[in-house]
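Data block below; observations after.
The values are calculated or read from the model by the stated rules, or taken from the named source; none is laboratory data. Everything numeric here is computed off the predicted structure, so don't read it as measured data. No Cβ is skipped: glycine too gets one built from the backbone with ideal geometry, and neighbour counts run over all protein chains shown. Surface areas here come from the heavy atoms of the whole protein model, side chains and all, with no ligands, DNA or RNA. Shrake-Rupley method; radii C 1.70, N 1.55, O 1.52, S 1.80 Å.
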Amino acid sequence: AAVEPAKQIELRQAGFSYMAWNMGKLKAQVIDGSVEYNQQQVEAAANTIAAIANSGIGALFGPGTEQNIGDVHTKVDPALFENMQDVAQLAGNMGTAANTLAEKAAAGDQSEIRVAFGEVGKTCKACHDKYRLD
Ligand code: ASC
C-alpha cells in the first residue's frame, strides 16, 4: 500500500536527518579533529550515508507532499515536483559521491576521505540551493 503523504514527509526527513548525523560524525573525526579518528566508526558512517543516498528516497516525494500537512511541515520547494528529472540527476550525483566516500573510508586514507566527504557535502548543498526553502 502507498505510504500516506504526511508519512512520506516524515520518512524522508528521518532519512536526511540520519544522513546528517553521520556526516557530523565524519566531520568531527576527519575535518575538525574534535573526535579521534576511528576506522570502524568512519566506515560505518560512510556506509550508512551511501546506503541512504542510494535507497530510493526520491520515492518519498510523492503527490501531496509538496506542502505542509497539518503539523507535519516541509521545507521542500514545490518547484521540485516540476523538475523531477533534474532532481533524479542531483540524487544520482549524491549516490555516486557517497559510494566514493564509502570506498575511501574503507581504504582509510584520511586525506582522501576528507576530499570525498567534501564532494558529498556539495551534493547535499546542490539540492538545498535549488529545492529547499528556508
Ligand atoms: C551536512 C548537513 C547538510 C549538508 C550540507 C553540506 O552535514 O546536515 O545539510 O552537510 O551542510 O553543504
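Tabulated results
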{"quantity": "The chain, accessible surface, carbon-and-sulfur percent (1.4 angstrom probe)", "calculated": "54"}
{"quantity": "Per residue, in Å², the accessible surface of the chain once ligands and nucleic acids are set aside, probe 1.4 Å", "calculated": "57"}
{"quantity": "Spin-label pair GLN89/ASN68, simplified geometry with 7 Å Cα→Cβ offset, distance in nm", "calculated": "3.3"}
{"quantity": "For the chain: lysine pairs under 23 Å (alpha-carbon distance), excluding those fewer than 8 apart on one chain", "calculated": "13"}
{"quantity": "For the stretch 9-61, Kirkwood radius (reciprocal of mean inverse C-alpha pair distance, Å)", "calculated": "11.6"}
{"quantity": "Charge dipole (debye, nearest 20) of the chain; +1 at Cβ of Lys and Arg, -1 at Cβ of Asp and Glu", "calculated": "80"}
{"quantity": "D (Stokes-Einstein, µm²/s), Kirkwood Cα radius, the stretch 44-121, 0.692 mPa s at 37 °C", "calculated": "235"}
{"quantity": "Helical contribution to [θ] at 222 nm, DSSP H n ≥ 4, -39,500 (n - 2.57), averaged over the chain, rounded to 500", "calculated": "-21500 deg cm²/dmol"}
{"quantity": "Along principal axes, Cα extents of the stretch 1-133, largest first, whole Å", "calculated": "44, 28, 27"}
{"quantity": "Most positive-pole-ward Cα, GLY15, LEU26, ALA46, against dipole of the stretch 1-55 from beta carbon charges", "calculated": "GLY15"}
{"quantity": "Relative contact order of the stretch 1-101, defined on C-alpha pairs under 8 angstrom at six or more residues apart (%)", "calculated": "34"}
{"quantity": "Computed FRET value (nearest 0.05) for SER111 with ALA44, which takes r as the C-beta separation and R₀ as 25 Å", "calculated": "0.80"}
